[in-house]
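Reviewing the structure listed below.
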Amino acid sequence: MTRIETELSALRDRALALANEHGLKPGSWYLRMLELSKDEGEPADLGALVRAYWELQRVTGRADLRDEWRRLADALWQGDVA
């Protein structure tokens, strides 16, 4: 697994754990996409990661999560992978 895939996988796992911890709806499209990529052993969808971290930041107010979704959104906008 490449460094980028490892980083995306780690971010996905963290997002899923935090979503569960903070009671985000597991049926939300972005969480379903993250779960699906995890189940299939695929890299996490960058757009789903952006939305998951945005939603987590909105719910918790945590600045570190805001920084994370902004960084991911910049990568998505620029066509980079995290």
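A few remarks follow.
- T60 meets each of the listed conditions (1) open to solvent by 20 Å² or more (accessible area, probe 1.4 Å); (2) under 13 Å from the mean Cα position of the chain (by Cα); (3) of a type in the set (S, T, Y) apart from (2).
- Qualifying position, being of a type outside the set (G, A, S) and modelled with pLDDT under 95, among R62, R14: R62
- Residues that are open to solvent by less than 20 Å² (accessible area, probe 1.4 Å) and over 13 Å from A15 (Cα atoms) occur at least once in the range 66-82.
- Residues within the range 36-82 that are on the phi > 0 side of the Ramachandran plot and among the hydrophobic types (A, V, I, L, M, F, W, C), tallied: 1
- Subset of the range 6-24 [loosely packed, with under 11 Cβ neighbours inside 10 Å and of a type in the set (K, R)]: none
- Any hit, the range 38-48, residues being within 12 Å of L11 (Cα to Cα), modelled with pLDDT under 90 and open to solvent by less than 90 Å² (accessible area, probe 1.4 Å): yes
The values are calculated or read from the model by the stated rules, or taken from the named source; none is laboratory data. Here the structure is a predicted model, which is why all the values come from computation and not from measurement. All Cβ positions, even for glycine, are placed from backbone atoms using ideal geometry, and neighbour counts span all protein chains on display. SASA here: full protein model, heavy atoms, side chains in, ligands and nucleic acids out. Shrake-Rupley method; radii C 1.70, N 1.55, O 1.52, S 1.80 Å.
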